[in-house]
1. State whether the residues of region 57-70 include one that is over 30 Å from PRO162 (Cβ atoms), in contact (Cβ under 8 Å) with a residue 24 or more places away in the chain and either of a type in the set (A, V, I, L, M, F, W, C) or open to solvent by less than 40 Å² (accessible area, probe 1.4 Å) (or both).
2. Of everything in region 320-354, what is part of a loop (DSSP other than H, G, I, E, B), without any contact (Cβ under 8 Å) to a residue 40 or more places away in the chain and of a type in the set (A, V, I, L, M, F, W, C)? Give them in sequence order.
3. Looking at region 281-319 only, could you name the residues that are free of Cβ contacts under 8 Å to residues at least 24 places away in the same chain and closer than 19 Å to LEU456 by Cα?
4. Hey, could you check region 117-161 for residues that are part of a loop (DSSP other than H, G, I, E, B) and closer than 27 Å to SER483 by Cα and say which is most open to solvent (accessible area, probe 1.4 Å)?
5. Which one of LEU55, LEU105 is assigned to a loop (DSSP other than H, G, I, E, B) and among the hydrophobic types (A, V, I, L, M, F, W, C)?
6. Just to be sure before I move on: is LEU73 open to solvent by 40 Å² or more (accessible area, probe 1.4 Å) and assigned to a helix (DSSP H, G or I) in the structure I sent?
7. Give region 372-382 a look and list any residue that's part of a loop (DSSP other than H, G, I, E, B) and either without any contact (Cβ under 8 Å) to a residue 24 or more places away in the chain or open to solvent by less than 10 Å² (accessible area, probe 1.4 Å) (or both), or say none.
8. Which members of region 178-196 meet the condition of being at pLDDT 85 or above and either touching a Ser or Thr at 6+ places or on another chain (Cβ under 6 Å) or under 15 Å from LYS242 (Cβ atoms) (or both)?
Amino acid sequence: MQTARRWAFPAGGICLVGALALWRLVPWLVRLQWALVIAGGALVLLALVLNAGALGAFAGRRSARYGAGAAVLVVLALGVAVFANALSAKHSARWDLTENRRQSLSPQSIQVARGLTDPVEAIAFYRSDMPQKRATEDLLKLYASYSNGKLTWRMEDPDRSPGLSQRYGVDNYGTVILERGGKAAAKSEKVTDADEERITNGLIKLTREGKRVVYVLKGHGESDLANTDRPGFSQAKEQMEKANYEVKELTLARDAKVPDDAAMVIVAGPKTDPLAPELAALDAYIAKGGKVLFMLAPFQADGLRRYLARYGFDLGEDLVVELNPIGRAFGLGPEVPVVTQYEAHPITRDLGGLMTLFPLSRSVDVAKGLPKGVTAQALAKTSPQSWGETDKNALARGEAKPDPQDKKGPLPVAAVATLEQPGDAATPAPATPAAEGEAAKKAPKARLVVVGTANLASNQFLGAQGNRDFFMNIVSWLAEDESSISVRARDAKSAPIVLTPPQAELVLWGPVAVLPGAVILVGILAVVSRRRSR
């Protein structure tokens, strides 16, 4: 009996530890594990029964009660920790408290990740000591979390995997390969200097079949695609090419026909009117369901104002002057309206909360009497403090003021029209209802967007506030690529903390000396107090 009283508890403990070791190392020996658990439990229970008297005497001691209380607290703390870990494994949540949401994906990136239909593998080539590796790893985790299991990723060291690097033609560290469809896939995209914008554009290129061609009209003083100066259109071209569009110039004066492969045509700020054959070519293109973006500056190309009236647009012969104080906060003059009001439309669906700048803009309204088959609406409006100044002499003198004949705000500065039956706006309607229905069935819907300024997408203003999103959303909608309509990734903006010398001293010595010293002082005071109380 004495031997059993002494060795029952250690033997039970050994059985339980053995069961735990088997569960971790040889989990398939289930019966043996349960046998050890039962034996261990029985031995521990036997030890408690045989030592009940000694345990009762021990429990009566003051130190035993304190120890039991501490043990209960430890068990409770461990239980809370285990429960929290189990809960976090099943349900996770993130809060991005950074100023520009730099730890979150943009709505467009989320949309692209959720829209993946085929498996995509991302292979990131980084050396293990590269500081950018962690950031890219976190970024790919975010994409994977929104992809419903379609996107997987892995990190590879190009120095340790030279064969893999050679297979994908990776010459630089920091390259991410996006491969669709696994090892047998025939399509992959290489992303260098990987950031969110490049990875999202890479996924768009990877999942889109072929390029869509955007033609930009030239010959009338339009914004130049090759011009990298402030009024140029080079950055707009670059943004469209990043989104997998092929951008070409179009000279209708030389060949009065819009090419058949045109996904859309952009008329960006012509200073003179297109010739009649050019307008006829645009009419023919629109009649076949073409898509055209007109960006027309104030007091220019008056013939296009009359031309667009046929499609339901009412362009003002004015310059929008804005007195809203928002522009002043940005240091902008009254000739740069800051738009915060958007009408409900796929183009503006995700622009809530974003401001867009319309420098030197004219008003663009919807005509009161729309042609048959045309549906039109305004897209963006200025504030009630704006008006459309029609007195060019007063503008030249810098003495503009709202006159009775001027339109009062809010003024629309962009509008959109959809031609259900394109032929109706430019050509006579079909003779019979049957022919009309057949024509409507065959002809795709034409789409037109008119913006009151070309400066919206100029190099100077494309990167300002929401201008890039507004312009690219128009391009995506016209190209019928509505899955790409969203708000794009922003450049990561650092927010340095500038400390004064006393603050820097506090930051340095606080955790090094002040906090440890305070703990030591409290300990000394506690010991002295207890000794005095004895």
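1. Start the filter on region 57-70 by keeping residues that are over 30 Å from PRO162 (Cβ atoms), which leaves 57-70.
This time we only want the ones that are in contact (Cβ under 8 Å) with a residue 24 or more places away in the chain, so: none.
Checking region 57-70: not a single residue is over 30 Å from PRO162 (Cβ atoms), in contact (Cβ under 8 Å) with a residue 24 or more places away in the chain and either of a type in the set (A, V, I, L, M, F, W, C) or open to solvent by less than 40 Å² (accessible area, probe 1.4 Å) (or both).
2. If the condition is that a residue be part of a loop (DSSP other than H, G, I, E, B), without any contact (Cβ under 8 Å) to a residue 40 or more places away in the chain and of a type in the set (A, V, I, L, M, F, W, C), then PHE330, LEU332, VAL336, ALA344 are the ones that fit.
3. Within region 281-319, ARG305 is the sole residue that qualifies.
4. Let us first name the residues in region 117-161 that are part of a loop (DSSP other than H, G, I, E, B), namely 117-119, 126-131, 147-150, 157-161.
From what's left, closer than 27 Å to SER483 by Cα: 117-119, 147-150.
Values: THR117: 103, ASP118: 68, PRO119: 75, SER147: 1, ASN148: 128, GLY149: 64, LYS150: 71 Å².
Out of the qualifying residues, it is ASN148.
5. Numbers: LEU55 fails: assigned to a loop (DSSP other than H, G, I, E, B).
None of the other options fit; the residue is LEU105.
6. Values: open to solvent by 40 Å² or more (accessible area, probe 1.4 Å): yes; assigned to a helix (DSSP H, G or I): yes.
Criteria met by LEU73.
7. Just the residues of region 372-382 that are part of a loop (DSSP other than H, G, I, E, B), to begin with: 372-373, 382.
Once the filter is applied, which keeps residues that are part of a loop (DSSP other than H, G, I, E, B) and either without any contact (Cβ under 8 Å) to a residue 24 or more places away in the chain or open to solvent by less than 10 Å² (accessible area, probe 1.4 Å) (or both), region 372-382 yields only THR382.
8. LEU178, GLU179, GLU189, LYS190, VAL191, THR192, ASP195, GLU196, listed by residue number.
The values are calculated or read from the model by the stated rules, or taken from the named source; none is laboratory data. Treat the numbers as computed from the prediction; the structure is a model and nothing was measured. Reconstructed Cβ throughout: ideal geometry from the backbone, glycine too, with neighbour counts over all protein chains shown. Note: areas computed on protein heavy atoms with side chains; ligands, DNA, RNA excluded. Shrake-Rupley method; radii C 1.70, N 1.55, O 1.52, S 1.80 Å.
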